[in-house]
1. Yes or no: the range 118-133 includes at least one residue that is closer than 21 Å to residue 43 by Cβ and free of Cβ contacts under 8 Å to residues at least 12 places away in the same chain.
2. From (1) in contact with a helix residue (DSSP H, G or I) (Cβ under 7 Å, 6 or more places away or on another chain); (2) more than 26 Å from residue 2 (Cβ to Cβ); (3) in a helix (DSSP H, G or I), pick out the condition that doesn't hold for residue 137.
3. Which condition number in (1) over 19 Å from residue 69 (Cα atoms); (2) part of a helix (DSSP H, G or I); (3) modelled with pLDDT under 95 is the one that residue 182 fails?
4. Do the conditions hold for residue 77, that is, is it under 30 Å from residue 99 (Cα atoms) and surrounded by 23 or more Cβ atoms within 10 Å (Cβ to Cβ)?
5. Of the residues in the range 162-183, how many are buried (at least 19 other Cβ atoms within 10 Å of the Cβ) and within 23 Å of residue 52 (Cα to Cα)?
6. Considering each of 84, 111 in turn, give the residue that is assigned to a loop (DSSP other than H, G, I, E, B), in contact with a strand residue (DSSP E or B) (Cβ under 9 Å, 6 or more places away or on another chain) and either at pLDDT below 90 or over 22 Å from residue 145 (Cβ atoms) (or both).
7. For the range 8-44, how many residues meet the condition of being surrounded by fewer than 23 Cβ atoms within 10 Å (Cβ to Cβ), in contact with a strand residue (DSSP E or B) (Cβ under 7 Å, 6 or more places away or on another chain) and either over 23 Å from residue 157 (Cα atoms) or at pLDDT below 90 (or both)?
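The values are calculated or read from the model by the stated rules, or taken from the named source; none is laboratory data. None of the values given here were measured: they were computed from a predicted structure. Please note: Cβ atoms are built from the backbone with ideal geometry, for glycine as well, and neighbour counts cover all protein chains shown.
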């Protein structure tokens, strides 16, 4: 089973990103689930969402404690919460940042730093792409283009179908998001 944890802030589309992963996985013929974890948070507060993908039915409903993939939609979270909890040296990290991946450090706690192989870190300026293609700083779909390319867990075609389904009543937004994921995928 592949387990994905997405970190972001309220209003950044974290929950929608998890839903789109699950929908794309269904289109690829897999079993999938997606769900958020938040309470009374407001816009801008740190939140998490989770997705799981497997060829078999998924029975567990708990949070993702040991992610195969971490998606970090807001790099400012690196210094404010422990985004690396449960990660290990095999975890793939996809992060929205302009920092070079050599400068990205994930901390397990205040004393222990997780040293990931640089091949497991995918850094992209999802904010820049979102502003160029969508016209707003909402990076959830952009970063999913990178997720598709980096992991192969969902195909680009299925991700496009998921976006078309999710945004079918908003054709202009749908087209902008498809362009954004294609651009991120090519990076």
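1. Within the range 118-133, one or more residues are closer than 21 Å to residue 43 by Cβ and free of Cβ contacts under 8 Å to residues at least 12 places away in the same chain.
2. The failed condition is (3).
3. (3)
4. No, not satisfied.
5. Within the range 162-183, residues that are buried (at least 19 other Cβ atoms within 10 Å of the Cβ) and within 23 Å of residue 52 (Cα to Cα) number 6.
6. Details: 111 fails: in contact with a strand residue (DSSP E or B) (Cβ under 9 Å, 6 or more places away or on another chain).
Only one candidate qualifies: 84.
7. So the count comes out to 7.
The rows are residues; the columns are (1) in contact with a helix residue (DSSP H, G or I) (Cβ under 8 Å, 6 or more places away or on another chain); (2) farther than 21 Å from residue 87 by Cβ.
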{"position": "28", "(1), (2)": "yes, yes"}
{"position": "34", "(1), (2)": "yes, no"}
{"position": "37", "(1), (2)": "no, no"}
{"position": "42", "(1), (2)": "no, yes"}
{"position": "45", "(1), (2)": "no, yes"}
{"position": "50", "(1), (2)": "yes, no"}
{"position": "53", "(1), (2)": "yes, no"}
{"position": "57", "(1), (2)": "no, yes"}
{"position": "66", "(1), (2)": "no, no"}
